[in-house]
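Read-outs throughout are calculated quantities, based only on the coordinates presented, and are distinct from any laboratory measurement. Computed from a predicted model, the values in this text were never measured in an experiment. Every residue, glycine among them, receives a Cβ derived from its backbone with ideal geometry; neighbour counts consider all protein chains shown.
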């Protein structure tokens, strides 16, 4: 893992891994609190890392370079492994297949009763060609696929506690937007950076900017049904343009016949248009009405 000023969260994370990891490697990017001392008390190999230029992939790859075990489990300090997945973890490692495994991440937000869920590749074989890329929103998925591996769900879950400080999150969103713009300018062919940029704009409720990026993604990935679906969502919900939304959903359905989300949104569009027509042209009063 990579850490910085995580003295409050780190013990819970490391406790969730107790007796499961053969080695603990913690890359510290400049903690000013007790983070490094806490990590060392758990027997971790603590590695200082110069983070004057923000590059999360480089920090994670520093950790990978120090690992000796045949399998890697990558966690963040604000994540806790669900211990019920320990037997499954052992089973997958014993198989020793060339697979990167998605973990279910349950994102818990202050003030919301239920977590949101996404899936992140965190369990994979230790190979020198498996390295992260991306200064922010760093991923290893493409390296695993390029190395002949597959990506599968693991059935293992982690709990992720989001920062309760909304202003801190917004500052992070803005910082990430600037870094993503720099990455896109440096390598316009890396379309994955656009997905993350749209997400950052969306979290800041900058929906016009997010919609513009969604449109750009659909243009650079004309055969990606999901890209057209998301462009349609923005044209339907955030930047209303029903004609464009219908075209987007229809294209998604053409590319992926039976696409349930596209079919659902097209039904929603038809219902909305039917209501609008009814409101615009109300039925004439019945005879005898006063």
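If we count other beta carbons within 10 Å of each Cβ, what is the order of 49, 265, fewest first?
Values: 49 18, 265 23.
Sorted ascending by nearby Cβ count, the order is 49, 265.
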Taking 116, 35 and counting other beta carbon atoms within 10 angstrom, the fewest-first order is 116, 35
To the nearest 10 degrees, the tilt of helix 56-66 (Cα long axis) against the first principal axis of the alpha carbons of the chain is 30 degrees
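Give the order of 62, 13 when sorted by the count of other beta carbons within 10 angstrom, beginning with the fewest. Could you put the intermediate results ahead of the total?
Working: 62 18, 13 23.
In increasing order of surrounding Cβ atoms, one gets 62, 13.
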Alpha carbons only, please: Rg and Dmax for the chain, in angstrom.
23.2, 88
So how far, in whole Å, is the C-alpha centre of segment 131-188 from the one of segment 57-74?
16 Å
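Using the beta-carbon distance between residue 68 and residue 189 and R0 = 45 Å, what value does 1/(1 + (r/R0)^6) give for FRET efficiency, to the nearest 0.05? If you can, show how the numbers build up before the last one.
On the way: r = 35 Å, r/R0 = 0.78.
Computed FRET efficiency for residue 68 and residue 189 comes out at 0.80.
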With the cut-off at 1.5 for a/c, could you classify segment 44-163 from its C-alpha gyration tensor as rounded, prolate or oblate?
oblate
Surface/4 of the Cα convex hull for segment 132-290, nm²
15.3 nm²
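Once fully extended, how much extra length lies between residue 242 and residue 12, figured as 0.36 nm per residue of separation less the alpha-carbon to alpha-carbon distance? Working shown, then result.
Numbers: separation 230, 0.36 × 230 = 82.80 nm, distance 4.78 nm.
That works out to 78.0 nm of additional length.
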Tell me, in nm to one decimal, what length is gained between residue 151 and residue 54 on full extension, where the rule is 0.36 nm per residue of separation less the Cα-Cα distance?
32.2 nm
In degrees, nearest 10, range 0 to 90: what is the angle between the Cα axis of helix 260-280 and the longest Cα principal axis of the chain?
30 degrees
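So in segment 29-154, what percent of DSSP beta bridges are antiparallel if you round to the nearest 5? Numbers along the way, then the final one.
Working: 11 of 15 bridges.
Taking every DSSP beta bridge within segment 29-154, about 75 percent pair in antiparallel fashion.
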What distance in nm lies between label points placed 7 Å from Cα along the C-beta direction at residue 171 and residue 97?
4.5 nm
Can you tell me the orientation of helix 166-186 relative to the chain, as the angle in degrees between its alpha-carbon axis and the longest Cα principal axis, to the nearest 10?
90 degrees
If each Cα of segment 1-73 is one equal point scatterer, what is log10 of I(q)/I(0) from the Debye formula at q = 0.25, 0.28 Å⁻¹?
-1.23, -1.43
